Amino acid sequence: MFKVRTYNQISKKGLERLPVDSYSLQDDCDQADAILLRSYKMQEKDISPTVRAIARAGAGVNNIPLDVCTTKGIPVFNAPGANANAVKELVLAGMLLSSRGILSGIDYVNSLQGQYSDAELSTLLEAEKKRFKGGELAGRTLGVVGLGAIGSRIADMALSLGMKVLGYDPALSVEAAWRLPSSVERMDSMAAVMSHADFITLHLPVLESTINIINSDILASCNASTVLLNFSREQIVDTSAIVESLESGNLGKYISDFPSSKLMGRKDCILMPHIGASTDEAEDNCAVMVAEQLRDFLENGNITNA
Ligand code: MLT
C-alpha cells in the first residue's frame, strides 16, 4: 500500500508569473519515497533524502536533473510509447492544417457571422472557396527524423495515407530497425531527408548531441515549400534559424507544439500549446505505465525501463 500525495503547482500558486525556482516540491514531497511528475521542471532541491525513484508520466525526461539522479543512484522511469498514438494523430492534424485551407477557411466563415441569410451564404461560399484550396497528403513525401515509438508509428500512418516515407535516426537500435515497415526508405543523413521531403517531422529526445540539431546549416537543405513539424522538444530547434529560413525562402512553414515569441503571429507558422500528448487515453496510459514501474521498483526492487 502506498500513500499518495498530489501536488499541482498551478492550482497551488495561481497563474501569476513565477520565476521557475520560486516554487518547489519540497514542502509536499520531503517524506516521499518516489515522485511521479509530468511537466514540472524538477530541481536538485526537490529531491529529498527519502526519494528512491522518480518517474515521468511521458516520454521525455528533460525536466528532471538526470545528472543529480545518477550521482545519487536514483532511477528515473518514463513511459516510452504510452502517448505515441496521441502525438501521431496531432502530427497528422499539423500536416492537414498546413496543406489545406482549414484555418483560414474557418476564420473566413466566422467573419461572416450575422451578415447573410443561409441562402446568401451558400452562394457566397461557392464563389469564395477557391481561395481556400489546398493540396493532398497522398503522393507527397514525409521525412521522419527519429524512428522510435512515435516516429515509427507516424511512418506507418503516412504509408497508409499513400505518402512516400523517408526515415533517418542518428541512433536507431537494431530491434527498432526491424520493426520499421520495409517501405520506409532509410536515409543515411538528415540533410538527405531535408532535401527530399515535402514534410519533415522531428521525433528526437533532448540530448547534448540533439540540442539545436535543426540549425541554419541543416535548414539550408530544405526549400520554400518544405513544411517542418516539431512535436518533439523546443531545444532541438534553433528558433532564430527557423525565422531566417522562413524569411529567406529556405523553409515554407513551421508547425510546432512549442510556441516562441519569435514565431508567434507569423502566417507561415502554426503553433500549439504543447498538447501532443494531451488526450485522456495518453494520460491514462502514461500514468498506469509509470505507476506500475514505480510499484515494481518500490515493492520488488525491479528496475524496468529506467
Ligand atoms: C512527452 O514527453 O511524452 C510529452 O511531452 C508529454 C507531455 O505532454 O507531458
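Taking residue 265, is it touching a residue at least 60 places away in the same chain (Cβ under 8 Å) and assigned to a loop (DSSP other than H, G, I, E, B)?
Details: touching a residue at least 60 places away in the same chain (Cβ under 8 Å): no; assigned to a loop (DSSP other than H, G, I, E, B): yes.
When the stated conditions are applied, residue 265 does not pass them.
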Filtering segment 102-139 for residues that are assigned to a loop (DSSP other than H, G, I, E, B) and either of a type in the set (Asp, Glu) or surrounded by fewer than 16 Cβ atoms within 10 Å (Cβ to Cβ) (or both) leaves a count of 12
Please go through segment 232-252 and pick out each residue that is in contact with a strand residue (DSSP E or B) (Cβ under 7 Å, 6 or more places away or on another chain), within 16 Å of the ligand (Cβ to nearest atom) and either assigned to a loop (DSSP other than H, G, I, E, B) or among the small types (Gly, Ala, Ser) (or both).
-> 232
Right, residue 72: at pLDDT 95 or above, closer than 28 Å to residue 147 by Cβ and basic (Lys, Arg) or not?
-> no
Scan 173, 182, 160, 152 and give me the residue that is closer than 24 Å to residue 93 by Cα, without any contact (Cβ under 8 Å) to a residue 12 or more places away in the chain and not assigned by TED's automatic domain parsing to the domain that holds residue 56.
-> 160
Could you list all residues from segment 278-305 that are under 22 Å from residue 87 (Cβ atoms), among the small types (Gly, Ala, Ser) and assigned to a loop (DSSP other than H, G, I, E, B)?
-> 278
Return yes or no: is residue 94 at pLDDT 90 or above, within 30 Å of residue 144 (Cα to Cα), buried (at least 17 other Cβ atoms within 10 Å of the Cβ) and outside the structural domain of residue 207 (by TED's automatic domain parsing)?
-> no
Kindly establish whether residue 275 is assigned to a loop (DSSP other than H, G, I, E, B) and of a type in the set (A, V, I, L, M).
-> yes
Would you be able to tell me the number of residues in segment 27-81 that are more than 13 Å from the ligand (Cβ to nearest atom), among the β-branched types (Val, Ile, Thr), crowded, with 16+ Cβ neighbours inside 10 Å and in a loop (DSSP other than H, G, I, E, B)?
-> 3
Result of the Cβ filter at 6 Å on segment 203-229, keeping first residues that are in contact (Cβ under 8 Å) with a residue 24 or more places away in the chain and partners that are among the basic types (Lys, Arg), at least 6 apart or interchain, is 206/233; 227/253
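Could you look through segment 234-262, keep only residues that are aliphatic (A, V, I, L, M) and free of Cβ contacts under 8 Å to residues at least 60 places away in the same chain, and pick out the one that is farthest from residue 220 (Cα to Cα)? Give the derivation first.
Residues of segment 234-262 that are aliphatic (A, V, I, L, M), as a first pass: 236-237, 241-243, 246, 251, 255.
From what is left, the residues that are free of Cβ contacts under 8 Å to residues at least 60 places away in the same chain are 236-237, 241-243, 246, 251.
Working: 236: 16, 237: 14, 241: 10, 242: 10, 243: 13, 246: 11, 251: 8 Å.
Once the filter is applied, the top-ranked residue is 236.
The values are calculated or read from the model by the stated rules, or taken from the named source; none is laboratory data. Source: prediction; values computed, not measured. For neighbour counting, all protein chains shown are included, and Cβ atoms are generated from backbone atoms with ideal geometry for every residue, glycine included.
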